[in-house]
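The values are calculated or read from the model by the stated rules, or taken from the named source; none is laboratory data. Values in this document were obtained by computation on a predicted structure and should not be read as measured data. Positions of Cβ are generated from backbone atoms using ideal geometry, with glycine treated the same way; all protein chains shown enter the neighbour counts.
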Amino acid sequence: MVSKDEKTNVQVLKDLIKKFVKERDWEKFHHPKELATCLSIEASELLEVFLWKDKEPLEETKKNEKIMSKIREELADVFICALNLANRLDLDVSEIVEEKLKIAKEKYPVELARGNAKKYTELKEK
Ligand SMILES: [Mg+2]
């Protein structure tokens, strides 16, 4: 089965969000500070899904319809806020993500980072 992700590019999503905002005349409220705040709040709402719960195996989480429904909802909010912020600042999401991954690859070379969760500043230490 082909997922929607496989046939939808980032610009399609950015355009859907831009249209949604424009139809409601909400651009005037969407200063980057407000959108960054919104992004942080939505990320916190995503975290709240896991609050006070034991860390269960991934497959158990994926089978839990109630939790997955909440995760879907809050993760969508995170993406919407992030893409809305990118729209407002005329940022090319693909470009900035690729740039950041390039930096991360330099900070976390596979030969040093593979299989461990050390911060890059501690990678060269044994
Ligand atoms: Mg939310």
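List of remarks:
- Listed by first and then second residue, the pairs linking a residue in the stretch 23-50 that is within 24 Å of K62 (Cα to Cα) and outside any helix (DSSP H, G or I) to a residue that is within 15 Å of the ligand (Cβ to nearest atom) and of a type in the set (G, A, S), with Cβ atoms under 9 Å apart and 6 or more places separating them unless they lie on different chains, form an empty list.
- Of all residues in the stretch 4-50 being acidic (D, E) and within 16 Å of the ligand (Cβ to nearest atom), the one that is surrounded by the fewest Cβ atoms within 10 Å (Cβ to Cβ): E48
- Among the conditions (1) surrounded by 14 or more Cβ atoms within 10 Å (Cβ to Cβ); (2) outside the structural domain of K18 (by TED's automatic domain parsing), V78 misses just one, which is (2).
- Of the set (1) over 24 Å from Q11 (Cβ atoms); (2) assigned by TED's automatic domain parsing to the domain that holds E34, all apply to K107 but (2).
- Any hit, the stretch 51-64, residues being within 15 Å of the ligand (Cβ to nearest atom), modelled with pLDDT of 95 or more and not hydroxyl-bearing (S, T, Y): yes
- Number of the condition not met by L89 [criteria: (1) within 16 Å of the ligand (Cβ to nearest atom); (2) in contact with a Pro (Cβ under 9 Å, 6 or more places away or on another chain); (3) not aromatic (F, W, Y)]: (1)
- Total residues in the stretch 81-96 satisfying the condition of being exposed (fewer than 13 other Cβ atoms within 10 Å of the Cβ), part of a helix (DSSP H, G or I) and in contact (Cβ under 8 Å) with a residue 24 or more places away in the chain: the figure is 1.
- Test for L75: is it within 13 Å of the ligand (Cβ to nearest atom), assigned to a helix (DSSP H, G or I) and over 26 Å from K18 (Cα atoms): no
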